[in-house]
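Enquirer: Submitted below is the structure of interest, expressed as structure tokens.
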Amino acid sequence: MSTALHLAPARARAKYQDNPATRESTGVRFTLLALGLGFFGLFLLLPLVAVFTEALRKGWELYFSSLADADTVSAIKLTLIAAIVAVPLNLVFGVSAAWLIAKHEFRGKQILITLIDLPFSVSPVVAGLMYVLIFGANGWFGPWLQAHDVKIIFAVPGIVLATVFVTFPFVARELIPLMQAQGKDEEEAATVLGASGWQTFRRVTLPNIKWGLLYGVILCNARAMGEFGAVSVVSGHIRGLTNTLPLQVEILYNEYQFAAAFAVASLLALLALVTLVIKQFIEWRASQSKEE
Amino acid sequence: MTAPATTAPTADLAPVRANRRASSFKRRRVLPGFAPTLGFTLFYLSLIVLIPLAAVFIKSSGHGFEAFWAAATSPRVIASYKLSFGASLIAAFINLFFGLILAWCIVRYEFPGKKLVDALIDLPFALPTAVAGIALTALYAPNGWVGSLFAPGGALSALFGEAGLKIAFTPLGVLLALIFIGLPFIVRTVQPVLEDMETELEEAAASLGAQRWTTFRYVVLPTLTPALLTGFALAFARAVGEYGSVIFIAGNIPMVSEITPLMIISKLEQYDYVGATAIAAVMLIFSFVLLLIINGLQAWASQRGARK
């Protein structure tokens, strides 16, 4: 999968540019660099710069007052709640699924792996719709829920459910290939020597997978806090009650409060940058422990 | 006549198979936790993913085929399919080209800021889609940094006649947003293959007198093909379902710049559950087919790797 952790390669210069067989002419090299970096600048760097520039366009005072707004603060709280429920649930699932798939042989394993990947290929809007069809007023459990005065759609539980769905594969997806590559010899040795299942996992498996696990968790968290489409369908956009940060960005933007919208967006952009920094750190640590 | 010939080897293999099954059974029992992890994994998968997905199909079949077909093929919805699938295909092709160049630059060349570029490639994975959406709109709107260059009177507007070129709030804006979210899929599937590629093959080609382009075309490119196709399919699948980064820049003009996920939302807002469910079912069937293709491509890619 494209999100997989990968370790830094040897320096490109010695390997490719000092070797006449793998070297391009200076003109070709500069053209490729110009095309690649131009595209990178236009499509990745510029939007990122735009978020922070637009956020600070009207000055720091408005920036901080937009963030301190009561609706924004409650959106921050709801975003944290969704992540705090979704990430641990999918963490437990990811570890369980990876232990099952990497350490045991059984039929239908490939189908199971494909099913775990499913939420990645379902449109977030369809994901939200599924829960409306089940728990909404016209849904399967709609009448029963109404009779018992339980609200799931247009309320916090629906937002949490939609978040759990879209972040479902992240930890599993990271751990399955990692644990498959590590094999099961170490665990079998520990078990034969009398360790219990839990001891084997905690003392043998966990130290081997900790960086991959952490990486899966931060990706899962970034998506949980940033999900827009699925949450938008089930939220109902009730200010101060069912708005997460991305939905708050949308509301402010549609009300032409651009500076405030970008101020809230800059919080989410910072979250993305922190995620990428942690990813770099993890890749650096993982490559170090590989060299040892 | 052929029957004995075909049954005989099977009969011979039977004890071997039984033996293998017994040994795999024994191996399975060494490590604990099979039953509880299997139970929990299947339970959680069914609860969160399988049952809700089934709900879409059960609900969409509940109103009869006529109603389903009418809702899934109304002119406005057809126009949205054309935009969503068309723009996603074009975006994936553009990313195929620039993604390969970027992966090549990162793996093969040294340049200042390379670490930063490598790290920021993942930005579209990490940046919430709504943030990307409003940032791209601010850039490409007629009064934005880039949009104003193409608006009437802008530095580059002369290239497109008097009216200039409108980017945001047109299908072109949709395309830009889909390019943004698809780029890392190509780079991150091609990059590891390029890093693992031994230089010996290129050296052999060069020593046999091949020009650099010939070597790339006949030696490097075939090795990268499975990864390129996988990245292309992943970017395409993601783009078709994308919502957050597109709706701000699309302008959402009926028949012109409405994407399919937006049609589901607008049906829902009109309490047209039959319509919303029918479009969702079409999208799901499409994603399942694409997922099968991606799995096939990945199997092909790993087989290739193994043979090498």
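The values are calculated or read from the model by the stated rules, or taken from the named source; none is laboratory data. Please read all numbers here as calculations on a predicted model, not as lab measurements. With ideal geometry, Cβ positions are generated from the backbone for all residues, glycine too; neighbour counts draw on all protein chains shown.
Enquirer: Please pick out the residue among A:Leu145, A:Leu112 that is part of a helix (DSSP H, G or I), closer than 27 Å to B:Phe288 by Cβ and at pLDDT below 95.
Expert: Every option except A:Leu112 fails the conditions.
Enquirer: A:Ala55: at pLDDT below 95 and over 25 Å from A:Met225 (Cα atoms), yes or no?
Expert: no
Enquirer: Also: Filter region A:2-32 down to the residues that are crowded, with 18+ Cβ neighbours inside 10 Å and either closer than 24 Å to B:Phe180 by Cα or among the charged types (D, E, K, R) (or both), then identify the one that is modelled with the highest pLDDT.
Expert: A:Leu32
Enquirer: OK, next. Mind listing whichever residues of region A:81-108 are of a type in the set (A, V, I, L, M, F, W, C) and facing another protein chain (nearest Cβ under 7 Å)?
Expert: A:Phe93, A:Ala97, A:Trp99, A:Leu100
Enquirer: Can you pull out every residue in region B:43-66 that is within 29 Å of A:Gly197 (Cβ to Cβ) and either within 8 Å of another protein chain (Cβ to nearest Cβ) or exposed (fewer than 13 other Cβ atoms within 10 Å of the Cβ) (or both)?
Expert: Across region B:43-66, the qualifying residues are B:Phe43, B:Tyr44, B:Leu45, B:Leu47, B:Ile48, B:Val49, B:Leu50.
Enquirer: Need the failing condition index for B:Ile264 against (1) outside any loop (DSSP other than H, G, I, E, B); (2) surrounded by fewer than 18 Cβ atoms within 10 Å (Cβ to Cβ), just the number.
Expert: Here B:Ile264 meets the rest and fails (2).
Enquirer: State the number of residues belonging to region B:168-207 that are surrounded by fewer than 21 Cβ atoms within 10 Å (Cβ to Cβ) and among the polar types (S, T, N, Q).
Expert: The number of residues fulfilling the criteria is 3.
For every residue, the table says whether it meets (1) at the interface with another protein chain (Cβ under 10 Å from one of its Cβ atoms); (2) modelled with pLDDT under 95; (3) not in a helix (DSSP H, G or I).
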{"position": "B:Val187", "(1), (2), (3)": "yes, no, no"}
{"position": "B:Leu194", "(1), (2), (3)": "yes, yes, no"}
{"position": "B:Glu198", "(1), (2), (3)": "no, yes, yes"}
{"position": "B:Leu201", "(1), (2), (3)": "yes, yes, no"}
{"position": "B:Ala210", "(1), (2), (3)": "yes, yes, yes"}
{"position": "B:Val220", "(1), (2), (3)": "yes, yes, no"}
{"position": "B:Thr223", "(1), (2), (3)": "no, yes, no"}
{"position": "B:Pro226", "(1), (2), (3)": "no, yes, no"}
{"position": "B:Leu229", "(1), (2), (3)": "no, yes, no"}
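Enquirer: Under the condition of being over 20 Å from A:Tyr253 (Cβ atoms) and aromatic (Phe, Trp, Tyr), which residue from region B:122-153 is farthest from the other protein chains (Cβ to nearest Cβ)?
Expert: In this case the residue turns out to be B:Phe150.
Enquirer: Scan region B:291-303 and give yes if some residue there is in a helix (DSSP H, G or I), within 30 Å of A:Trp140 (Cα to Cα), of a type outside the set (Gly, Ala, Ser) and at pLDDT 90 or above, otherwise no.
Expert: no
Enquirer: I'd like to check something: does region B:181-188 contain any residue that is of a type outside the set (Ser, Thr, Tyr), over 26 Å from A:Val274 (Cα atoms) and in contact with a Gly (Cβ under 8 Å, 6 or more places away or on another chain)?
Expert: Taking every residue of region B:181-188 in turn, none turns out to be of a type outside the set (Ser, Thr, Tyr), over 26 Å from A:Val274 (Cα atoms) and in contact with a Gly (Cβ under 8 Å, 6 or more places away or on another chain).
Every residue, every condition in (1) assigned to a helix (DSSP H, G or I); (2) closer than 30 Å to B:Pro112 by Cα; (3) touching a Cys at 6+ places or on another chain (Cβ under 7 Å), yes or no:
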residue	(1), (2), (3)
A:Arg57	no, yes, no
A:Leu80	yes, no, no
A:Ala83	yes, no, no
A:Phe106	no, no, no
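Enquirer: Out of (1) assigned to a helix (DSSP H, G or I); (2) buried (at least 16 other Cβ atoms within 10 Å of the Cβ); (3) in contact (Cβ under 8 Å) with a residue 12 or more places away in the chain, what's the single condition that is false for A:Phe168?
Expert: Of the numbered conditions (1) assigned to a helix (DSSP H, G or I); (2) buried (at least 16 other Cβ atoms within 10 Å of the Cβ); (3) in contact (Cβ under 8 Å) with a residue 12 or more places away in the chain, the odd one out for A:Phe168 is (1).
Enquirer: Does A:Ile111 count as free of Cβ contacts under 8 Å to residues at least 40 places away in the same chain, more than 8 Å from chain B (Cβ to nearest Cβ) and more than 21 Å from B:Thr37 (Cβ to Cβ)?
Expert: So A:Ile111 fails the test.
Enquirer: I would also like to ask the following. Return only the number of the condition from (1) farther than 22 Å from B:Leu178 by Cα; (2) in contact with a Phe, Trp or Tyr (Cβ under 6 Å, 6 or more places away or on another chain) that B:Ala54 does not satisfy.
Expert: For B:Ala54, the exception is condition (2).
Enquirer: Would you list the helices (runs of 4 or more DSSP H) that sit entirely within region A:206-292 and hold 3 or more residues that are touching a Cys at 6+ places or on another chain (Cβ under 7 Å), modelled with pLDDT under 95 and not basic (Lys, Arg)?
Expert: Per the criteria, no element qualifies.
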